[in-house]
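Report on one structure; see the data block that follows.
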Amino acid sequence: MAKLRRQFNSTVFLLIIFFFNSVLRPALALVEGGEGLEEEFTEELLLKPLPDRKVLAHFHFQSSAPPSVANGRHHRLFPKAIAQLARKFQIRELELSFTQGRWNYERWGGFDPMSASNAKPPGVELWAAFDLPLNEIDHTWKNLTHALSGLFCASINFLESSTAYSAPSWGFHSNSSKLRYGALPREAVCTENLTPWLKLLPCRDKTGIALLLNRPSIYRSHYHSQRLRLISSEFTGIILEQALTVVLQPSMRSNSPASSGYGFLQPSWSINSLFGKEVVGQCVLAKTSRIFFELEKDLAFKVDKLQPLSSWNNSAFELSGIPNSNIRELNAVKNLGSSVLYVFEVSNSNDHIPLDVGIRWKIPLVWSCPRAPFHMNRYLMGSGNERGSIAISLRSTHLHEQFSKASDGCAVHAVIFQVVPWYVKVYYHTLHIFVDGKTQIISDVVRKMKISPSEDKLSPGSMELLLRFPCNIQSAALTLDFDKGFLHIDEYPPDANQGFDIPSALVTFPDFNCSRSYQLDDSIHYMSTLLSKFQEENPVQTYTEVLLVPLTTPDFSMPYNVITFTCTVLALYFGSMLNVLRRRAGEEERLERSKASEKPGLIPLLLSKLSSKLKIKGKAPESSPSLSASSSILGPKLLTKVMLVGLLAVIWNYYLKNG
Amino acid sequence: MAEISESEPLNPTPDSPDSGASSRRSTMPGTKRLMVTLSVLFPFLAGLPFLLKSTEIYRSPLPFSSIDSLSYRLLQEPPSPPCRLQVVFLRPGIGDSADRLARLISDEVDKRIEGSLTCGSCGRNYAVSVTVDSGNGGCARSGIGEGDPCFWRCGVVDSLGLRNNDEAVDEMLDAALGKGGRCMGSGVGKVYTVLVGESDAQEGVRIVVGKHRHAWVEGNVGENDAALLIANIFIKYFVNGGREEFVAQRKGEFVPVGLDGSVVLSFSLLNAEPNDWVYDWNFQKIDEVMLAPVVQALAPVANIHIESQVLYHTPKSSICNWDDKSGGNICGIGDLPFFIIEVIDRYVPSRNECPLLLQLPNGQISKTNGFISPMWGGVIVWNPPECSADSQNKPLIRRTMSPEVQSLPRMIIMDDIGKQVKYSLEAASLAENNASLGIYDASAVVREIGRYRRERAKYLSFMAEQAKTS
């Protein structure tokens, strides 16, 4: 092979030269035409004021490559690395998210497309569905984790281990045996993950909307989630959806005129105040480049009551910048208002006319976000290092009153999907379900159940439950007991005393659909990838908290203790040895004998010793010549001692080296 | 330790000044004390490494020495997978001639393979099997070859069959040997086949080396001559790839090869500033029309993948300065390592840095406006024609590299390479003529090898010329 390579080497370079030579040949210059479909890229940004005085910014980039045999080989806009990934691992669907912070379902919304598809659990979450025979999927998944790990500078490769991922059958997504799911709750997300993500955009963060992705403002946020979703099929080609969701706290402008009069005025903000940058033109490669400003339906309803909401400048607020158009949501439920989207075209802006979308509030307004049918919490019970319980609690938000369906037998379904690492040994038979504080018979509530118990150091335990609750319940709770396992010392992660994270559980409400459709009038004949995402029918989803389980940890400081103890012993050894070296026992005995003949009392003896010492100190300068004389006599002795010490040092060094 | 040595000279001082003769030591210090001290000190020092060992955390050592020794061993004795030389005599045999012939060939190969270093091929790890296919069902085999599906099936081809057109014979043999005759799964490794047929011509032997690890000899050759010829073919073409020199000295550049043995040629078009202009190419078509045939032709030796992408916002990483004399931005050759970090690129500079020229170390402007870094790739700077025109902010059009953008540097490259190709083709045809006059004919393998040599020569001359101009 090597010699072939060598021969081949020259060929390759000639090929390169030939190629560059040939690009300009007239015969080959007839390049246009071919397939009608082109690779496309769109960039969109959604801004939305949140009820708790924060601002949501959702960046949405979509690249698509039409179905082609050249996918993974020749690309103009679509990132080649992703296309090759999809091709090599035969990915049908993949989603990778990097999240820091926790989505606040109560305040930021739990029943809208944003929370359903963009609220993600902290850390890294990866799932992928493959188009491969069943026996190849695990192997492919492992390779995929490594590839993604390299691509995004993250420790996604930890999902390679069979203890880290699971194969949900129906609890996570639709029925699929070719799907694998893994989560790393403790993965720290930072700029080294964002940079490769941005590199997948054709304009990177150099122009267009991505220019706003200023690292300090993103990582200062209350929540940020960077997501990548890949859908690949023979009919649609490859679609890469990149979304970054940030919840920011705008700084309150002190010079706001109304702020002094009213106590609770929402902070006014603009893109510049949030990100420290302005949009100065679109990415030239983007097909569409827009900024949406969304008013939540409750807010729009309240503004409407004040003054029919038609203008961007009304009695409640004023937008900084004139929107190109506005879109209203088509709402099935009347008298609840419908959300409003103001659309700003980025293409109209340039260096001289930057686009700085923002809002200035005129009156204080309080509104709420649509909530999921149940508010979810998950927590640990019990104490000690031996056993405990996991509890999942559901608290009704009385949404069913708004969506009251058939009067009799009204029921709400909830699917719980939970993966637990093997060292938390859950006893699934201890499942208890409480509805409104009363214990229920499991078969009354659980419609469907799939449990795969964990195997020690082999696979995590996973639980998929389909629950059916009556509509009128106030709260429900599930508890599961577990034993804490023991790990080998090698298996402990750094800082094991912090505890071990159990990934978030996912609760899906299949009865509730969070799609949104919009009143797109004829003048807006464009297609927005973001709005079409919002129109997709996705069930409402809620991720629970990540649990932190303290496990029994060995005394990691033991080696340190051993070292300190032995060093103490050594110091004692060394000290006593030095003493022995210095002391002349024979001389002292001789002196003792000569003194003993005189036998003075103890106190006179001590006094005489003291006085002699004092005399020595006083006479020390005088005795220096004799000292130098004696030192010259002692020269060779000193030399041998120095040599001895040197020899010891050499031996010591030799030992250490070999040791 | 230092304290000990310091303390010693101070020690006599309390005794010396006034204690008089009584306190002055009368004897030399004994060795007993020294021995006692040392007996403590030495066990302590000897025990220290054990102490340190016992307190350190165990980490399995990395087998650096094993890795080194392995790579050294590989360099000294390259691994030689087993292979088999199968010789088929298409002539009537006599008795146990198959075994005798096998021994004869084996001896001959042994003799000639001595001292030659083979790299990547089977080297000394070969087996010889001989089949005497006398036609009419007569079939004699050496050793225990009976029933092995990799063996030559007697009666498939006769001596007359070898007299067809070489290409046809090549394909026929390939089919007869079971599509390549590779038999890789049977544990014998690659199977090389040499067929010896008879010819009507009284003298002259014709040897053809085919494309699929087989060769055939036409002519009336004696057994000893045949053994010599076969050994020659085996060593020279099958083992050593047809080159005279052995691959002992493994110098020269390698193309980085992936773990699966494939080579990826990645072409990128870099638009430094898409706000100025965006250039596009239809690489897929270029690939299909131009590169695919080359890749296909090279398929027997290398698995080449070609990919391309267009990248945007890729400013170069080195700083280039404006030069009034040449009317362009000049980049010195020293900056090239930092120019771009992609592999094979065509770089379209932005309006600010346009035209961008590369300067050779002798101060001249590179005519090719590009550079090649062996084992890495190359970059060609392509200055768009709008560069010189003082056009301001035209509406953005996606332009395609088209015939009207032929620029001078490109022409030079074309001329250079065109000339080289012409010369080398002439030389090659001359060589082929010479070869066909002689005893050896050139079939596909020989031709391919010739082509590599030519291309290597071209590449070397190109590099030399670059070095000369620079």
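What follows is calculated from the coordinates using simple rules that are stated; it is not laboratory data. Worth saying up front: this structure is predicted, and the values here are computed from it rather than measured. Note that we place each Cβ from the backbone using ideal geometry, even for glycine, and neighbour counts take in every protein chain shown.
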Arrange the peptides A:289-300, A:343-354, B:57-68 so that the one whose residues have, on average, the most other Cβ atoms within 10 Å appears first. A:289-300, A:343-354, B:57-68
Return the long-range amide H neighbours of A:Gly208 (sequence gap of 5 or more, or a different chain), with a cut-off of under 5 Å between placed amide H atoms. A:Val280, A:Cys283
Per-residue mean of other chain beta-carbon atoms within 10 angstrom of the beta-carbon, peptide A:138-144? 0
Please give the average number of partner chain Cβ atoms lying within 10 Å of the Cβ of each residue in B:285-296, rounded to a whole number. 4
Going by alpha carbons, how many degrees (0 to 90, nearest 10) lie between the helix axis of A:558-582 and the longest principal axis of chain A? 20
tail above 14 Å in the computed P(r) of the range A:144-213, as % of all Cα-Cα pairs, reads 68
Going by average Cβ neighbours within 10 Å, how do the peptides A:430-443, A:200-213 rank, with the highest at the top? A:200-213, A:430-443
When each of A:Lys206/A:Lys277; A:Lys425/A:Lys484; A:Lys142/A:Lys448; A:Lys120/A:Lys287 is checked by Cα-Cα distance, pairs over 18 Å: A:Lys142/A:Lys448; A:Lys120/A:Lys287
Please give, to one decimal in nm, the separation of the simple spin-label points placed at A:Leu134 and B:Ala168, each 7 Å out from Cα toward the Cβ. 5.4
Among A:44-56, A:362-374, A:639-651, the order from most to least packed when residues are scored by Cβ within 10 Å on average: A:44-56, A:362-374, A:639-651
Tell me the relative contact order for the range A:374-513 as a rounded percent, counting alpha carbon contacts under 8 Å between residues six or more apart. 35
Sorted largest first, extent of chain A alpha carbons per principal axis (Å): 125, 81, 65
With a 4.7 Å Cβ cut-off, tell me which Cys residues in chain A come up empty for a partner. A:Cys153, A:Cys190, A:Cys369, A:Cys514, A:Cys567
Can you pull the mean other chain C-beta count within 10 Å for peptide A:569-575? 2
Once both axes come from the Cα atoms, what is the angle between helix A:585-598 and the longest principal axis of chain A, in degrees from 0 to 90, rounded to 10? 50
Å³ per residue of the Cα convex hull, for the range A:374-513? 123
For chain A: relative contact order, % (alpha-carbon pairs under 8 angstrom, 6 or more apart): 13
Whole-Hz Karplus ³J(HN,Hα) for the range A:312-322, in order, using 6.51 cos²θ - 1.76 cosθ + 1.60 and θ = phi - 60°, x for Gly and Pro? 7, 10, 10, 6, 8, 7, 9, 8, 8, x, 8
Estimate the FRET efficiency between B:Ser266 and A:Lys657 by the formula 1/(1 + (r/R0)^6), using the beta-carbon distance for r and 56 Å for R0, to the nearest 0.05. 0.75
